[in-house]
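Okay, structure first, notes after.
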Amino acid sequence: MLRDKMLAVMEEVNSEAAERRELVQTIALALLSGSNLFILGAPGQAKSFVVNEFRKRITGAKQFERLLSRQTDEEALFGRLDLASLIPGAVPAQVLEQDGTYRMLRQELAQAAEDFRADSADNAAATRMQGLTEKLEQYRKGLSLLHGGTPMTITAGKIPDAHICFLDEIFSAPVAARQ
Ligand SMILES: Nc1ncnc2c1ncn2[C@@H]1O[C@H](COP(=O)(O)OP(=O)(O)OP(=O)(O)O)[C@@H](O)[C@H]1O
Ligand SMILES: [Mg+2]
């Protein structure tokens, strides 16, 4: 049960850090309620330590962590603009990744290419490749008509894509990245 798991993690973290029960409890509350938590305190008080001890015991969640510095920019945290989303006729990468039909057609094409590579006399594979290429092209064109021209951000592996996010040393980041 979630309650037992959480209590067990809290107990473990408490056994690693001395006198940080309140912080450990607050982290648990933030995680359970999906709230943000801002931790402010004097240096060397085990703030980062406790967060990291807690985080590493949480499995099955996408985590994002970054030690912020002057060099940290918005793109490093939130993702960068997908240039393909601005090019007429192109399809944003995110749209392609999330489209089940497109992924399936690509997979079939990859398989046909693999079969053809294994045996270049395999005419059936060559015909399948041709048919699938045409289908994919057509489908891509359709997607570009539906989704082209909308600026999109590639967020894979960045904050918008994460379940748990730990930004350490937030005051070191430039103002633009903090907002
Ligand atoms: N109460 C504590 N229990 C166990 N270890 C501690 C405790 N306080 C400090 N430490 C030790 O001190 C180290 C430094 O702490 P940590 O880097 O987490 O501090 P911090 O509060 O994040 O400081 P800063 O504000 O400078 O980032 C920890 O890695 C840990 O080994
Ligand atoms: Mg710290």
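The values are calculated or read from the model by the stated rules, or taken from the named source; none is laboratory data. Only a predicted model underlies this, so the values are computations on that prediction, with no experimental measurement involved. Positions of Cβ are backbone-derived with ideal geometry, glycine not excepted, and every protein chain shown enters the neighbour counts. Surface areas here come from the heavy atoms of the whole protein model, side chains and all, with no ligands, DNA or RNA. Shrake-Rupley method; radii C 1.70, N 1.55, O 1.52, S 1.80 Å.
So the values come out like this:
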{"quantity": "Accessible area per residue, Å², the chain with all protein chains present, probe 1.4 Å", "calculated": "68 Å²"}
{"quantity": "Potential lengthening between Glu16 and Lys141 on full extension [0.36 nm per residue; Cα-Cα distance subtracted]", "calculated": "39.4 nm"}
{"quantity": "Computed lengthening from Asp73 to Ser33, 0.36 nm per intervening residue step minus Cα-Cα distance", "calculated": "11.6 nm"}
{"quantity": "Full-extension gain in nm, Phe49 to Ser120, via 0.36 nm per residue minus C-alpha separation", "calculated": "19.7 nm"}
{"quantity": "Two-site FRET efficiency, Ala61 against Ala113, from Cβ-Cβ distance with R₀ of 22 Å, rounded to 0.05", "calculated": "0.05"}
{"quantity": "Nearby aspartates and glutamates by direct alpha-carbon distance to Lys135 (threshold 14 angstrom, same-chain neighbours under 8 apart not counted)", "calculated": "Glu108"}
{"quantity": "In sequence order, calculated HN-Hα J values of the range 45-59 (Karplus, 6.51, -1.76, 1.60; Hz; x Gly/Pro)", "calculated": "9, 6, 5, 4, 4, 5, 4, 5, 4, 5, 4, 6, 8, 9, 10"}
{"quantity": "Kirkwood Rh, angstrom, the range 1-156 [1 / mean 1/r, Cα pairs]", "calculated": "20.4 Å"}
{"quantity": "Accessible-area composition of the chain, carbon plus sulfur, in percent [1.4 Å probe]", "calculated": "54 percent"}
{"quantity": "Formal net charge of residues neighbouring Thr153 (Cβ-Cβ distance under 14 Å; K, R +1; D, E -1)", "calculated": "-4"}
{"quantity": "Cα centroid separation, the range 86-123 to the range 1-73 (Å)", "calculated": "42 Å"}
{"quantity": "On Cα atoms only, tilt of 2-16 relative to the major axis of the chain in degrees", "calculated": "60 degrees"}
{"quantity": "Phe171-Met1 FRET efficiency (beta carbon distance; Förster radius 45 Å; 0.05 resolution)", "calculated": "0.75"}
{"quantity": "Listed residues Asp99, Asp73, Asp168, most fluctuating in the chain (Gaussian network, C-alpha, under 10 Å)", "calculated": "Asp99"}
{"quantity": "Size-normalised alpha-carbon gyration radius of the range 123-163, reference 2.2 N^0.38 Å", "calculated": "1.82"}
{"quantity": "Cross-link reach list, lysines versus Lys141, counting only Cα pairs under 29 Å and skipping chain neighbours closer than eight places", "calculated": "Lys158"}
{"quantity": "The range 1-79, Rg to Rh (Cα coordinates; Rh as Kirkwood inverse mean 1/r)", "calculated": "0.99"}
{"quantity": "Thr127-Arg103 FRET efficiency (beta carbon distance; Förster radius 30 Å; 0.05 resolution)", "calculated": "0.85"}
{"quantity": "Value at 222 nm in deg cm²/dmol, rounded to 500, when DSSP H runs of n ≥ 4 in the chain each add -39,500 (n - 2.57)", "calculated": "-16500 deg cm²/dmol"}
{"quantity": "Radius 12 Å from Cβ of Glu65, net charge of other residues (Lys, Arg +1; Asp, Glu -1)", "calculated": "+3"}
